[in-house]
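A short worksheet on the structure shown next.
The values are calculated or read from the model by the stated rules, or taken from the named source; none is laboratory data. This structure is a prediction, so every number in the text was calculated from the model and none was measured. Here Cβ is always computed from backbone atoms with ideal geometry, including for glycine, and neighbour counts include all displayed protein chains.
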Amino acid sequence: SRRWSLQGMTALVTGGTKGIGHAIVEELAELGAIVHTCARNQVELDACLLDWKAKDLCVSGSVCDVSSGPQREKLMETVNSMFHGKLNILVNNAGGITFYKPTQNYTPEDFSNVMALNLVSAFHLSQLAYPMLKASREGSLIFISSVASLFAFDIGGAYGAAKGAINQLARNLACEWAKDNIRVNSVAPGPIKTSLVEAADNAQEYLKAINSRIALGRIGEPREVSGLVAFLCMPASSYITGQTIFVDGGLTVNCFL
Ligand code: NDP
């Protein structure tokens, strides 16, 4: 039934060539959505598009650095003409932290880079998508947040502040845009096996240490995040809006020793 399907829905997923975004693109497309994605690296994007075509998934893509205002505008123009002004789903996934520094060592530029990638981009893309989400008459806007929006991690304060702001943005937009039948939710993953985590300097040590705090005792897979994202886009979740949902194997509820 339509209740558990994304058949014919249009979707934009930012940062879809790797990790969590890649899993979201595939999950949405497998459930019948027509998906557009973006990334900075053209070669990797082209390789993904070929692979999706071979799997018979309906996915297109363009190069876009979501940290850049003009590039965001260009991306949205592309999406607008491709989907004839109607967008059912926007997943603001591109983000992350590319360096690890104590807060006292942050330069103003470090701070604005983290904010540009994780907060400004998602805010502006949501604004740009609004007319199309509204025109679709059944919109779902999803932010990819993090457990770092709730817990302090040893990576500097800016990333957690940006992700915390995303959760609140979801609550505000859920109320502002409810009249347009746009639902807005924040999905907050715990540690997930992606290049973001594996690229960290102390990745192996870190993953071993954090495992002991996760109720399920293991790191998550990108597919374990994309399942929730897909559900939040379906009619089956039509009464869920403004929420921050943790996908973390029980990390944020676990106080067992
Ligand atoms: P990855 O680094 O594995 O993948 C990131 C994807 O986004 C790639 O496709 C990358 O392609 C693209 N991307 C990165 N920067 C930009 C940019 N400026 N503009 C456009 N595309 C970009 O990351 P994850 O999958 O791990 O992270 C995805 C989201 O999940 C992020 O928002 C992150 O904060 C969040 N998250 C991740 C967790 C984890 O444990 N992995 C935990 C909690 C939250 P390219 O490099 O070509 O641009």
Selection count, the range 185-226, where residues are touching a strand residue (DSSP E or B) at 6+ places or on another chain (Cβ under 7 Å), closer than 18 Å to Gly15 by Cα and hydrophobic (A, V, I, L, M, F, W, C): 4
Test: residue in the range 138-150 that is away from the ligand (no atom under 15 Å from the Cβ) and either part of a loop (DSSP other than H, G, I, E, B) or closer than 29 Å to Ile210 by Cβ (or both): yes
Those residues of the range 181-214 which are more than 11 Å from the ligand (Cβ to nearest atom), without any contact (Cβ under 8 Å) to a residue 60 or more places away in the chain and within 20 Å of Lys101 (Cβ to Cβ), in sequence order: Asn202, Glu205, Ala209
Segments classed as helices (runs of 4 or more DSSP H), wholly inside the range 14-86, with at least 3 members that are closer than 25 Å to Asn181 by Cβ: 19-30, 69-82
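Considering only the range 182-236, state which residues are of a type in the set (Phe, Trp, Tyr), modelled with pLDDT of 95 or more and more than 27 Å from Ala122 (Cα to Cα).
Of all residues in the range 182-236, those of a type in the set (Phe, Trp, Tyr) come to 206, 231.
Retained after the next criterion (residues that are modelled with pLDDT of 95 or more): 231.
None; the set is empty.
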The range 80-119 - residue that is within 11 Å of the ligand (Cβ to nearest atom) and closer than 20 Å to Asn185 by Cβ and, of those, surrounded by the fewest Cβ atoms within 10 Å (Cβ to Cβ): Gly96
Residues of the range 23-42 satisfying the condition of being within 9 Å of the ligand (Cβ to nearest atom) and either without any contact (Cβ under 8 Å) to a residue 40 or more places away in the chain or surrounded by fewer than 24 Cβ atoms within 10 Å (Cβ to Cβ) (or both): Thr37, Ala39, Arg40, Asn41, Gln42
